[in-house]
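Trainee: My questions will all concern the structure given below.
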Amino acid sequence: RCEEEDVEMTEDAYAVLTRIGLETSLRYAIQLITAASLVARKRKGAEVGVEDIKRVYSLFLDESRSTQYMREYQEAFLFNELREHLGDTWGTP
């Protein structure tokens, strides 16, 4: 995918991205390539490094971390107010 997008990446960054892909999903890892390339370009780097991968990983959540975030902070979201207004049966299968 890096070749297709003309993204140069260090071997260490490639290893980190591979691990992310194994632990999350290939789709998520591929999406990080473009974002990491933009971060590297902003810092005027010639290639994507580990710090660029870490930066975008911290900014964009994969499905598992997104779900965990929603569970932790569900009380703060608008749909919780709807549930309180409509009663506990709202949204229950």
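The values are calculated or read from the model by the stated rules, or taken from the named source; none is laboratory data. Predicted model, so just to flag it, every value in this text is computed and none were measured. So basically every Cβ, Gly included, is an ideal-geometry build from the backbone, and we count neighbours across all protein chains shown. Keep in mind that these areas ignore ligands, DNA and RNA; they rest on the heavy atoms of the full protein, side chains included. Shrake-Rupley method; radii C 1.70, N 1.55, O 1.52, S 1.80 Å.
Trainee: Tell me yes or no: at least one residue of region 8-21 is part of a helix (DSSP H, G or I) and in contact with a strand residue (DSSP E or B) (Cβ under 8 Å, 6 or more places away or on another chain).
Mentor: Start the filter on region 8-21 by keeping residues that are part of a helix (DSSP H, G or I), which leaves 11-21.
Filter once more, so that each one left must be in contact with a strand residue (DSSP E or B) (Cβ under 8 Å, 6 or more places away or on another chain): 13, 17.
Yes: one or more hits.
Trainee: Go through (1) out of contact with any Phe, Trp or Tyr (no Cβ under 8 Å at 6 or more places or on another chain); (2) modelled with pLDDT of 90 or more; (3) open to solvent by less than 60 Å² (accessible area, probe 1.4 Å); (4) part of a helix (DSSP H, G or I) one by one and return the number of the condition ARG41 breaks.
Mentor: Status for ARG41: all satisfied but (3).
Trainee: Among the residues of region 51-75, write down those that are open to solvent by less than 60 Å² (accessible area, probe 1.4 Å) and basic (Lys, Arg). Talk me through it step by step, then tell me what you get.
Mentor: Of all residues in region 51-75, those open to solvent by less than 60 Å² (accessible area, probe 1.4 Å) come to 52-53, 56, 62, 65-67.
Matches in region 51-75: ARG65 only.
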